[in-house]
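The values are calculated or read from the model by the stated rules, or taken from the named source; none is laboratory data. Since we're looking at a predicted model, the values are computed, not measured. Here Cβ is always computed from backbone atoms with ideal geometry, including for glycine, and neighbour counts include all displayed protein chains. The area values use the complete protein model at the heavy-atom level, side chains included, leaving out ligands, DNA and RNA. Shrake-Rupley method; radii C 1.70, N 1.55, O 1.52, S 1.80 Å.
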Amino acid sequence: MERAPSVVPLEREEVLPGTLVATLVLGLAGVALGRPVLALVAFSISAVLALALLWRRFGFSHVRYRRVVDPPRAFPGETVTLSLVIENAKPLPLRWVEVVEEVPAALALPSVPLGPSPKPERKVLRTLLAVGAAERVVRRYTGRAVRRGVFRFGPAQLTTGDPFGLARARLDVEAGATLLVYPEVRPVESFGLPAERPLGDAAPLRPLLDDPLRIQGVRPYQPGDSLRQIHWRATARLGELQTRLLERTAAPALALFLDVNTFEHFWEGIRPGELEWAISLAASLAAWGIDQGFPVGLWANAPLIGGERIVRVPPSRHPRQLARVLEVLAMLVPHTGHRIEALLTTEARLLPRGSTIVVVTALVTDPLRRTLLALWRQGYGIALLAVACEAGLPARRGLAVYELEADGALARSR
């Protein structure tokens, strides 16, 4: 969104109107006194001053500035193109335009020298270009997404002036385009988890529900069988009641719970390395689960940028579920006032029967251990993935415990 052009407050520009009037008077006096040289010089200076005032007044009239980020969503390490577009829809050309654009430090532009910014995690991109009458100019910069998050470009400041450098006009442009960087998704074995069964015995990855569309076979009817399961063609052929055997193909839900706490007390802050590793692990498990055909959901005890205070993505096998999970993890703010065990207690009772609960955390507390044991006794499959910390919880059937180093090497699995 553009603001109205504003004049740079230079003292020499404030005297331009008065100087223009004085030179016009001097030129008219030269004509009246028959001094053609004086009149020519005075009118020439008046023309230069008038041109400067024209550029100051109409320099950014009918000028549009915008940013284009392509693609607007990327993974860390992927290439991103930033385009700065200036459109001049008037007959007055802009001989020079200086663009000062704020860019997020999360976008590395190795081929462009960036200046420092007083704002944290920001850099300043400066460029100088010319825009002709009724012309559009595009400057493209190729960069690389560095880390997870949502990053805005801008604000920007555009400055132009007359060819003689006597007057300048300035246009302030608010922040606009956004780059969303997903967390890194990697094979689960790169985190130190087993490649074939990354959740061990915790995942009840056996079918739970009968699929009425897939018949495995038939057997003689037994008292208690539902009449809806009678296979009438087999019954007519064999002369006695036959019951359909249905293939059990429905998969249980995979409920991922991400804990953003890395210290016992909230005021101690966070350990960003361990937290980002945990976020990447949660994203990778979501990709693995959806690839295996399981309904995957995500919960996190952290707010989203401009959104909910708690992350809740119900389990689903929708084709866009992984994109939704990755988008939420990209927008996640590493700050919380909630304990993961409280979120588990509240949300677990809403999960489908037979769900597997996976907790990814860099902080395992006694309340969390008690909560996980209680959910295990209720019949949930439990997997605790402790990142750079001790789990302090013994593994048992239906309860898998992994202690992972933040660099991905498996320190201990029990």
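Looking at the stretch 300-311, is at least one residue acidic (Asp, Glu) and in contact with a strand residue (DSSP E or B) (Cβ under 9 Å, 6 or more places away or on another chain)?
No, the conditions are met nowhere in the stretch 300-311.
When you go through (1) surrounded by 15 or more Cβ atoms within 10 Å (Cβ to Cβ); (2) closer than 28 Å to residue 94 by Cβ; (3) out of contact with any Gly (no Cβ under 9 Å at 6 or more places or on another chain) one by one for residue 123, which number turns out not to apply?
(3)
Which numbered condition in (1) closer than 30 Å to residue 406 by Cβ; (2) modelled with pLDDT of 70 or more; (3) open to solvent by 40 Å² or more (accessible area, probe 1.4 Å); (4) of a type in the set (A, V, I, L, M) is the only one that residue 218 fails?
Just one mismatch for residue 218, condition (1).
From the list 131, 68, 103, 99, exactly one residue is β-branched (Val, Ile, Thr), surrounded by 16 or more Cβ atoms within 10 Å (Cβ to Cβ) and under 26 Å from residue 327 (Cβ atoms). Which is it?
Unique residue meeting the criteria: 103.
Among the residues of the stretch 172-190, is any more than 22 Å from the chain's Cα centre (by Cα), farther than 30 Å from residue 379 by Cα and in contact (Cβ under 8 Å) with a residue 40 or more places away in the chain?
Yes, the stretch 172-190 contains at least one residue that is more than 22 Å from the chain's Cα centre (by Cα), farther than 30 Å from residue 379 by Cα and in contact (Cβ under 8 Å) with a residue 40 or more places away in the chain.
Any chance you could count how many residues in the stretch 71-94 are closer than 19 Å to residue 169 by Cβ and exposed (fewer than 14 other Cβ atoms within 10 Å of the Cβ)?
Of the residues in the stretch 71-94, 2 are closer than 19 Å to residue 169 by Cβ and exposed (fewer than 14 other Cβ atoms within 10 Å of the Cβ).
With a cut-off of at least 3 residues that are modelled with pLDDT of 90 or more and more than 21 Å from the chain's Cα centre (by Cα), name the helices (runs of 4 or more DSSP H) lying wholly within the stretch 249-349.
Qualifying helices (runs of 4 or more DSSP H): 340-348.
What's the number of the only condition in (1) more than 16 Å from residue 264 (Cα to Cα); (2) open to solvent by less than 50 Å² (accessible area, probe 1.4 Å); (3) touching a Gly at 6+ places or on another chain (Cβ under 7 Å) that residue 364 fails to meet?
Of (1) more than 16 Å from residue 264 (Cα to Cα); (2) open to solvent by less than 50 Å² (accessible area, probe 1.4 Å); (3) touching a Gly at 6+ places or on another chain (Cβ under 7 Å), only one is false for residue 364: (1).
If you check residue 50 against the conditions, is it of a type in the set (Gly, Ala, Ser), more than 30 Å from residue 322 (Cα to Cα) and either assigned to a strand (DSSP E or B) or at pLDDT below 60 (or both)?
Answer is no for this residue.
Could you name every one of the strands (runs of 3 or more DSSP E) located completely within the stretch 67-158 that has at least 3 residues being touching a strand residue (DSSP E or B) at 6+ places or on another chain (Cβ under 9 Å), among the hydroxyl-bearing types (Ser, Thr, Tyr) and under 28 Å from residue 332 (Cα atoms)? Break it down into steps so the answer makes sense when it comes.
Working: elements: 79-88, 94-104, 122-131, 135-145, 149-152.
Output list reads 79-88.
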